[in-house]
Amino acid sequence: MILMAKPAKRTLIATVEATPNIALVKYWGKRNEERILPMEGSISVTMDEQLKTRTTVMFSEKFKEDEAWLDNKKLEGKELGEITKQLDVLRKRAGVGLKARFVSINGFPTAAGLASSASGLAALACAGAKALGLELSEHELSVLARMGSGSACRSVLGGFVEWKRGEREDGSDSHAVQIAPVEHWPEIRNVIALVGEGRKKVSSRAGMRQTVATSPLYRERIRTLPGTIKTVREAILKRDLPTLLEATMRESNNMHAVMLDTWPPITYLNDVSKEIIHATHALNESEGKTIAGYTFDAGPHANIYTTQEHVPKVRKMLEGIPGVAKVIVCGPGSGPKYLAGKQEHLIDPVTAEVRRHHYDAKSNKIVVEA
Ligand code: ADP
Ligand code: DP6
């Protein structure tokens, strides 16, 4: 009798840490809802590991269904559906039918306007592709992440990043490219002021859909965006801080203006956010030059771009404003990191059980409990 050796089963598991990105030129509006194709391009800085998402994806014959956990809560219904949709794209690409387990944790508030969807969907694309052994280029990973959440396509790359609008109907040319790596301008900082808790009331997805459908001012925004993108790209390349900051503030104000022009109007800024806007202008005035520039996403938290030397002044300004709950200083980050250590997976590679894990705010680490 000839004994045939069973082919060794590959362990289809990977863990990635990705970080959010905060746009200087915002993405707000799609030309194709289903494929997540933007009306225009956008530019962002990928954050460093002050803010991070860790995600483990495992494919196995052991699993009867896809299962997903986010921040230690099992996902159901629509939220699970979003993950499964992404897993399906990856499975199709790899020609694999195996079900998967997805476990992710954000080391910062989820769905509160700090771009958890960007780091989350970028981490899913990178971990899923790696687990399946797909050798994808940054371009391909960016397209994959975009299909989960538009802004996620920018978190696949580090440093200063531009999401090219693209022209093709299938979206294959709508992806992020790096304008410059971290080393080009390592002194850049985003001083984040958290000004309130809780999930946002209108999701970015629903909000931007409503803007495209109802805001007359939106047409003007789309007309001027290519010029803004050029100004910001060139200011980054020249390390021209005042030009970059002024364009960033004007751009944020423009996006929030079209949000207010939406019917019914959408407002994400609160009184504390508005106080921060005025305080930033006052700080620049007193310095006699533009050293700080705010930008707000779909939430009330402020992102104040500046450079390292001015951080103490910006921090002092923010700490003097009642309602600022916490200040986080982020530098530019170099993009997703693959964690190879077996102990770092959020799923046990042998038993396939979800490992106990938590985020430790004091050390800013994601801790996998033994
Ligand atoms: P945010 O400003 O934090 O991006 P959104 O409302 O735009 O808020 O997106 C939040 C949604 O993004 C969550 O409800 C969830 O569906 C998804 N998301 C957040 N974090 C992750 C993650 N780590 N992995 C996968 N999806 C995530
Ligand atoms: C205000 O990328 O979350 O943060 O593509 O529908 O998932 P979907 O939207 P999402 O929107 C981000 C909007 C923004 C601006 C930006 O990051 O460019």
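A few points about this structure:
- Condition broken by residue 81, with the remaining ones in (1) over 22 Å from residue 344 (Cα atoms); (2) in contact (Cβ under 8 Å) with a residue 24 or more places away in the chain satisfied: (2)
- The stretch 106-143, subset in contact with a helix residue (DSSP H, G or I) (Cβ under 7 Å, 6 or more places away or on another chain) and among the polar types (S, T, N, Q), residue surrounded by the fewest Cβ atoms within 10 Å (Cβ to Cβ): 110
- In the stretch 144-177, residue nearest to ligand 1 (Cβ to nearest atom) [restricted to those that are crowded, with 24+ Cβ neighbours inside 10 Å and among the aliphatic types (A, V, I, L, M)]: 152
- Flag if residue 99 is touching a residue at least 12 places away in the same chain (Cβ under 8 Å), surrounded by fewer than 22 Cβ atoms within 10 Å (Cβ to Cβ) and either among the basic types (Lys, Arg) or near ligand 1 (Cβ under 10 Å from one of its atoms) (or both): yes
- Residue selected from the stretch 317-370 under the condition among the hydroxyl-bearing types (Ser, Thr, Tyr) and assigned to a loop (DSSP other than H, G, I, E, B), by the criterion nearest to residue 16 (Cα to Cα): 334
- Residue selected from the stretch 200-228 under the condition closer than 13 Å to residue 29 by Cβ, polar (S, T, N, Q) and at pLDDT 95 or above, by the criterion surrounded by the most Cβ atoms within 10 Å (Cβ to Cβ): 211
- Of the numbered criteria (1) within 13 Å of ligand 1 (Cβ to nearest atom); (2) part of a strand (DSSP E or B), the one residue 28 fails is (2).
Yes/no matrix, rows are residues, columns are (1) free of Cβ contacts under 8 Å to residues at least 40 places away in the same chain; (2) of a type in the set (Lys, Arg); (3) buried (at least 17 other Cβ atoms within 10 Å of the Cβ):
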| position | (1), (2), (3) |
| --- | --- |
| 252 | no, no, yes |
| 259 | no, no, yes |
| 263 | no, no, no |
| 287 | yes, no, no |
| 296 | no, no, yes |
| 311 | no, no, yes |
| 321 | no, no, no |
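- Flag for residue 59 being among the hydrophobic types (A, V, I, L, M, F, W, C), more than 14 Å from ligand 1 (Cβ to nearest atom), surrounded by 15 or more Cβ atoms within 10 Å (Cβ to Cβ) and at pLDDT 95 or above: yes
- Members of the stretch 254-265 found to be of a type in the set (Val, Ile, Thr) and closer than 16 Å to residue 26 by Cα, listed by number: 258
The values are calculated or read from the model by the stated rules, or taken from the named source; none is laboratory data. Not measured: the values here are computed from a predicted model. Cβ coordinates were reconstructed from backbone atoms using ideal geometry, including for glycine residues, and neighbour counts include every protein chain displayed.
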